[in-house]
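What follows draws every value from the coordinates through simple rules; no lab data is involved. Computed from a predicted model, the values in this text were never measured in an experiment. As a convention, Cβ positions derive from the backbone with ideal geometry for all residues, glycine included, and neighbour counts pool all protein chains shown.
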Amino acid sequence: MRYFHKVSAIGQGPIVEMIFMNFMLPNTLLYLVSHYPVNPASMSNHEQIVVAAALLCVLTISLVSSVAAKAKTPMHTSVLSGQQWVEELLDGYDGHFYDAFGMNKHIFHYLVEVLWQKAGLDDTKHVSLKEQLGIFLYTAVTGASNQKVQKCFQ
């Protein structure tokens, strides 16, 4: 949405005029104002306040959404890569490893060897065989969503 237009000729009501004169309006709001004109002179002070409050809500939502769209933060910010996370679990407490992968560490090491020797699987350019197996087991054991798996194996 573009925010380039100001409405300048909208009537004489002090509150509505303040809203229209001091805020930049999105094109959709301009369309509504031009096709459904508001005449503040024919409105009571209470009606002007209601219209001003409604416009202020629309403007606030527009401003917040435009700022939020511009202020994106990186999604994958962990200092650990997926391989480092698997290695950390392999070097750490047995219970955490079992919770993540559903097997003991020695079984995991044995399974990596079997997949390498018997099935011919190997490391890829960016993902080790341990990490590949970790991704599969973590997803199968925890039932984690794709987004959750991405957070662990970034």
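A few comments on the model shown:
- Cross-link partners of Lys148 among aspartates and glutamates (Cα-Cα below 16 Å; sequence separation of 8 or more within a chain): Asp99, Glu131
- Per-residue extension of 0.36 nm, minus the Cα-Cα distance of Leu80 and Tyr110, leaves a gain of 8.4 nm for this segment.
- An oblate overall shape is assigned to the range 82-152, the ratio a/c of its alpha-carbon gyration tensor axes (a ≥ b ≥ c) being 1.5 or greater and a/b not exceeding b/c.
- Put a plus charge on the Cβ of each Lys and Arg, a minus charge on the Cβ of each Asp and Glu, and nothing anywhere else: the dipole of the range 82-152 about its Cα centre is then about 260 debye.
- Charge dipole of the range 82-152 about the Cα centre (unit charges at C-beta), most positive-ward option of Leu137, Met103, Trp116: Leu137
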